[in-house]
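Working notes for the structure below.
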Amino acid sequence: MRHRISVVALTAMVGVFLLFGGTALAGDTIKLGVAGPHSGDLASYGIPTVHAAELVVKDINAKGGVLGKKVELLVEDDVCKPEVATNTATKLVGEGVNVVLGHICSGATKAALGIYKEAKIVVMSPSATNPSLTQSGEYPNFFRTIASDDAQAKLEVDFALNTLKVKKIAVLHDKGDYGKGLAEYAKKFLEAAGPDKAEVVLFEGITPGAVDYSAIVQKIKRKGAEAVIFGGYHPEASKIVTQMRKKKMKTIFISDDGVKDDTFIKVAKKYAEGVYATGPKDVSKNPLAIKAREEHKKAYGSDPGAFYDNAYAAALALLNAIQKAGSTDYDAIVKALRTNLVDTPLGKIKFDKRGDAIGVGFAMYQVKDGKYVEVK
Amino acid sequence: MDYFLELFLGGLTRGSIYALIALGYTMVYGIIELINFAHGEIYMIGAFTALIVISVLTMLGWNQLAILAIATLAAIVWSSAYGFTAEKVAYKPLRGAPRLSPLISAIGVSLFLQNYVLLAQTSDFLPFPNLIPDFKFLEPYEGIVRSTEIVIYVVTAAVLVILTVLIKFTKLGKAMRATAQDRDMAMLVGVNVDRVISFTFIVGSATAALGGVLIASHIGQINFYIGFIAGIKAFVAAVLGGIGSMPGAVLGSLVLGWTESFFTGYISSDYEDVFAFLFLVLILIFRPSGILGRANTDKV
Amino acid sequence: MESVLDIKQLTMDFGGLRALDHIDLDVKAGEIAALIGPNGAGKTTFFNCVTGIYKPTEGDMFICPPGKKRERINGLKPNQVTEKGMARTFQNIRLFQNMTVLENVMMGRHCRMRAGIPGAILRNRATREEEQRVVEESYAILKKIGLAEFVNEFAKNLPYGAQRRLEIARAMATEPFLLLLDEPAAGMNNQETKELDELILRIRSEEKISILLIEHDMKLVMSLSDRIFVMDYGRKIAQGTPEEIKNNPAVIKAYLGEDIDA
Amino acid sequence: MNTIKELKKSFLIALWFMFLTFPIMVIKVNTVEQTIDWRWNRLAMVGIFSFFASWIWRYLLQRKEMGQKRAEESETPTLTFQQRVLQNPKFTRPALVVICIFAAIFPFYFSMYQVNIMTTALIYVILGLGLNIVVGLAGLLDLGYVAFYAVGAYSYALLNVHFGMGFWACLPIGAGLAMLFGIVLGFPVLRLRGDYLAIVTLGFGEIIRLILENWNEFSFGPSGIANIPRPGFFGIKMSIHQSLIYIYFIMVAMVIFTIFVVRRLQDSRIGRAWIALREDEVACQATGIDKTKTKLSAFALGATWAGMGGVVFAAKTTFINPASFTIWESIMILCIVVLGGMGSIVGVIFGAGILILLPEYLRAFSEYRMLMFAAALVLMMVFRPHGIISAVRRTYQFEGSPEKKASS
């Protein structure tokens, strides 16, 4: 009997030790967590971020690290699923991470943020565009190097109404988190512009992955829409555009940065010509962006993928903030992020109170001769 | 009226596409009562094989019709091979096992093939060239119907006819029907049941491959995940028509296609799938064995 | 004597096919009646109509359990029919193969038990007692039928004759006043048939259960039955005592005519 | 002689697989630069791998068949080793004690991550046990089980958002609503048989998800509901780690409760009726069992557990959106039940453990993890078609029962 009690006591002691021991041990390196989808069908949105982080960290460590310590990468997969994201977050927190670069999808980010918030860890996403992430005030520890959906929708609507001067607009989305959110903002802005300026003739969600979109295309035609604003990703966009053009419809197609992807042009080919899409401001002239691109080509033998520049910028911003803050203290890092300008591939940026980057914006692109060209 | 016609044709296209996949589903089900979850993946493999062959031959500068023929043939050969192998590896050892075990095995095969293609090829969407030339006589009607669509209708109808003839009038077809009725009895009267089942998988997979090539060239893009979504829809269509019945599979597919098309056209595509599924539930409540399925009451 | 089962003008159509054509049939209390006829005459269809598996096209079906009011049973579901006190067995044995012999019999008692989901979860005293009572009663039935040795065996592992007897035991567990046996002797050897003969007589005398059986074994039918009904092509062609039936020209024609053709 | 034959067979199989995988494994078209990669080394790898794999495969299949034959030949049905172990109190009691102690101290020994994934696994244990009632016991193939899980999760999330209701108040409400949904949905469809039932339940599962996705005013649409509070403990403020441990213990308690209830149900009048229904519907009705009522009770009870699981899921993740309730989720839960062994409680627990923890621990294999998982599914089904652990029927005690006379 006495023996059993001692076992229990020992167990409890070890337990307590493990409970509090984890965080106390982390001190000899700066730990940068990277979370996002690294497997599954959305992997192509997550892996470029890992590459960006690897390159930035290699660079900084070569220069002596941050605050005299080496930076260590902790890469974890969240498959873009909220429930897996909480597993990932607890894993990273348990491993004593100092700052996190990620997550990629808005839903997964929201699910994980609570855990980081409690653990007082700053999170910076290169790609989560859901407006409430910064606008709700629920996530003081969240920052991002990408503009939010509403900014993007505003740009699309302004462009359609003021530059293209179209009036009858069909707003479509793919029923997804990203696409539908964007489409709703677009609708809101269109309605705000007043009935004499703009008319939403159609607002509908299409079924992603369907084999044929002719019914919705006919509907667009019947409603007499002059332009389509589409919220969603390129596979659906290319199917709709292709079917519209095959039916000899000249309806203008405006979409988002889920479509501003070279795959879209590759798939839709000649039908992609003339399609508008918003995307992060063209940074091809920025020296840091050129450098980041070259590094990637050298290290991985290919062009970087989605959100690479944003991720590169976020990694730089995070590590710079730690350096400027002089410690890994949460409040100090947040303050540093808000006050210090940092040079990134996206330009010189700092962050506003809500966590959005100042100086990062969207621009409108158009497909011309099989390439996305910025519309001035 | 034009609008109606357009929606009708759109529904016909969708329905024919579902039918090409549903036919294989229903054949396999008819023989071994297995919901072959991996059937959609066989279709995907067909499309990928065709794309690879097309790319290689295009680089060699072959003529378009030859490419089309060879790619289709290759898709059929390899899809059949995959269907055959999947049956031998994952379903045959499970004959006589509890009814749900082969279903789980099929889910495993489906997941395996998806990830196999993802790893061996790519997760990205790949452009699929449109192989079917524009027919001259269709030019006046271009806004309404395109040559690819016509080819899809024709091939679907032809496949249905060929399969029906195969099953009704050949010796093998007779053996298939016997196996479907009562496997043990068929074995007793000298039907080589293993061979019949293998053959069913091969024919079903070949149909799926044909669908793969046609659908991919209609849509213009493929990735490793297209099989799953199409497979579920085709499965629904097959059940709607009465699973196990070939004309039922085609009819069910067309009904599903039209339902979706008209619902989208006249009401809203937001609830397109909700409506499609509700329609399925309604039909099954009033006709528990599908539109053309035989009422399968237990012999008491 | 009172009829426990009274069928009037029962007709059943399958599509264009008339499987039963205005059948009249009755079973008196305490009687063993037999329904015979060549294959495909519609005997099992008749059973299926009476037990609620098929909905007859026309006709009335009445039951009159001993000591209770006469009642029309058209449109009742099979389980309701069983609850009213008619239990049946099947031509092709339909046991619960992966349940034990005892459980098969306990299933028969299901409709006489009350325990619901809360009872099952809480396992209060009433439920426990009911459960134990049912176990004991079921075992008693098995002993009576002569299956006690198999009690914890899976039903599928039983020899053929024993499976047939188990079906009877399960039917008896529902406390019927009338047993409908569909070819109980099919596939049995002489010894087993003899035992069955005794069993059926015992069920009648000890349990006061009336019996209606379908059977092809003429020896068994003639020795057991008080009255016999003969069907051919969905029609009733004769009824009477075994002696009357033996000498009925229509019956002889139905049976022999078939033989000559073959 | 035999070996040469085997060699030849394996060689042919290897050739076949090399042919089979040739286009997809070997040829990779680079569409940007219009070049072809011929990855011949892969072909060799496939050949070598399938040569040896086929050898092992045949050996294992042979062993499995021999085992089956032995079981058939022996007169008395012998219990398998594993069944004997599971029924022997000398083994099960200490094992239970060990498991209990382990479960109790687990969160203090292991990291927050481990606790978190273990909690997820426990949620799937109760989902599996719930579906086990429907599929394993009553034999109703339900491919839309996730709908009830979603109902539970959304009832907590929405009640919280609109009325500020807490976890403990919502747990019974979520379970009750799911049960209600089970009854309402079950009523029209339960007369369908087998695979028709499967497809209709699949349809219902999708309908619920699509409604959640489209009806923004009600469900907040695809962007989901965030900041769902974790369960409270008498108003004490807890850190996330503490509350994760708290949820873990809630789940342990719920699993124990579920096992308790399911065990009692399956050994009761109603449980026997479910099994009988699975065995033979017609005979079932003929023995006086109300088919509709029995099916409905199984369906509704299964749904209740899914609802409970959903509430905990929402509380644990703190964020839900319709993407968490796809048909894949239903399929996973079905896999847990079938893989574990239909109708067996221990089996379902094992199944959930394997299917939920395996992908987490396979993280080490990064991109190959789902491929290995899929292969594992097929292999387990081929070599253990009845599941990991097969159900054992209870024996009863009564006057003159053989067990009483000579207990062994």
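Read-outs: derived from the displayed coordinates by stated rules, not from any lab. On a predicted model such as this, the values are computed, not experimentally measured, just so you know. Counting neighbours? That spans all protein chains shown, and the Cβs are built from the backbone with ideal geometry, glycine included.
Using the Kirkwood formula over every pair of different C-alpha atoms, what hydrodynamic radius in Å results for chain C?
Kirkwood radius, chain C: 19.3 Å.
If R0 is 25 Å, what FRET efficiency do you get for D:Tyr361 and D:Gln62 from their C-beta distance, rounded to 0.05?
0.20
If we sort B:237-245, B:224-232 on the protection proxy, mean other Cβ atoms within 10 Å, highest first, what's the order?
Order by mean packing, descending: B:237-245, B:224-232.
Along the three principal axes, how long is the range C:131-262 when you take its alpha carbons, biggest first, rounded to the nearest angstrom?
The Cα atoms of the range C:131-262 stretch 54, 30, 25 Å along the principal axes, largest first.
In percent, what relative contact order does the range C:92-214 have, based on Cα pairs under 8 Å that are 6 or more apart in sequence?
Dividing the mean separation by the residue count of the range C:92-214 yields 32 percent.
Would you mind classifying the range A:165-210 by shape? Square roots of the alpha carbon gyration tensor eigenvalues, ordered a ≥ b ≥ c; an a/c under 1.5 is rounded, otherwise it is prolate if a/b is larger than b/c and oblate if not.
Since a/c reaches 1.5 and a/b is larger than b/c, the shape of the range A:165-210 is classed as prolate.
Using the number of other C-beta atoms within 10 angstrom as an exposure proxy, rank B:Tyr153, A:Tyr116 with the fewest first.
B:Tyr153, A:Tyr116
With helices defined as uninterrupted DSSP H runs, which ones in chain D have an alpha carbon span along their own long axis of at least 27 Å and mean Kyte-Doolittle hydropathy of at least 0.0?
The answer, listed by residue number, is D:2-21, D:89-109, D:112-131, D:167-189, D:194-214, D:240-266, D:291-317.
Using alpha-carbon pairs under 8 Å, 6+ residues apart, how would you state the relative contact order of the range D:147-271 in percent?
24
Shape verdict for chain D, please, from the Cα gyration tensor: rounded (a/c under 1.5), prolate (a/b greater than b/c) or oblate.
Because a/c hits 1.5 or more and a/b fails to exceed b/c, chain D counts as oblate.
What ranking of D:Asp195, A:Asp303 emerges when the number of other C-beta atoms within 10 Å of each C-beta is taken as an exposure proxy, fewest first?
A:Asp303, D:Asp195
Counting partner chain Cβ atoms within 10 Å of every residue's Cβ in C:112-119, what's the average?
Per residue, the average neighbour count from other chains is 4.
How much of the pair distance distribution for the range D:79-198 lies past 25 Å, counting alpha-carbon pairs only, in percent?
Summing the P(r) tail past 25 Å for the range D:79-198 gives 49 percent.
So which aspartates and glutamates can A:Lys167 reach, going by Cα to Cα under 15 Å and dropping same-chain residues fewer than 8 places off?
Filter leaves A:Glu156, A:Asp158, A:Glu191, A:Asp196, A:Glu199, A:Glu226.
Can you put D:Phe204, D:Phe106, D:Phe49 in order, fewest other beta carbons within 10 Å first?
Least to most surrounded, the residues fall as D:Phe49, D:Phe106, D:Phe204.
When chain A is modelled as a GNM with alpha-carbon springs shorter than 10 Å, which of A:Ala332, A:Ala317, A:Ala299 fluctuates the most?
A:Ala299
Could you work out the equivalent-ellipsoid semi-axes for the range B:175-270, taking the square root of 5 times each eigenvalue of the Cα gyration tensor, largest first, in whole Å?
Listed largest to smallest, the semi-axes of the range B:175-270 are 33, 18, 9 Å.
Cα-Cα over 28 Å: which of A:Lys180/A:Lys247; A:Lys63/A:Lys297; A:Lys110/A:Lys168; A:Lys110/A:Lys219; C:Lys69/C:Lys219?
A:Lys110/A:Lys168; A:Lys110/A:Lys219; C:Lys69/C:Lys219
How well do other chains shield peptide D:214-222, expressed as the mean number of their Cβ atoms within 10 Å of each residue Cβ?
The shielding value for this peptide is 4.
For Cα pairs less than 8 Å apart in space and 6+ apart in sequence, what is the mean separation divided by the residue count of the range D:2-73, i.e. the relative contact order in percent?
Relative contact order, the range D:2-73: 34 percent.
Any idea what log10 I(q)/I(0) is at q = 0.23 Å⁻¹ for the range C:95-173, Debye with uniform C-alpha scatterers and no solvent?
-0.98
Sort chain A into rounded, prolate or oblate with this rule: let a ≥ b ≥ c be the square roots of the eigenvalues of the Cα gyration tensor; rounded if a/c is under 1.5, and if a/c is not under 1.5, prolate when a/b is larger than b/c, oblate otherwise.
prolate
Could you check the simple spin-label distance between C:Leu122 and D:Thr292, using points 7 Å along Cα→Cβ, in nm with one decimal?
Placing both labels 7 Å along Cα→Cβ, they lie 2.8 nm apart.
Kindly rank B:251-262, C:207-218, A:77-88 from highest to lowest mean number of other beta carbons found within 10 Å of each residue.
A:77-88, B:251-262, C:207-218
Count, for each residue of A:261-268, the Cβ atoms from other chains sitting within 10 Å of its Cβ, then give me the mean as a whole number.
Counting other chains' Cβ atoms within 10 Å and averaging over A:261-268 gives 4.
Would you mind telling me which residue in D:Met254, D:Met112, D:Met342 has the biggest mean-square fluctuation in a Gaussian network model of chain D, where springs connect alpha carbons within a distance under 10 angstrom?
Maximum fluctuation in the GNM of chain D, among the listed residues, is at D:Met112.
Rg to Rh ratio, the protein assembly as shown, alpha-carbon atoms and Kirkwood radius?
1.00
Two-decimal Rg/Rh of the range B:1-67 from alpha-carbon positions, Kirkwood Rh?
Reported Rg/Rh, Kirkwood definition of Rh: 1.16.
HN-Hα J couplings of the range A:64-71 from phi, Karplus 6.51/-1.76/1.60, θ = phi - 60°, integer Hz, Gly and Pro as x?
So the Karplus estimates, Gly and Pro as x, are x, x, 10, 6, x, 10, 6, 9 Hz.
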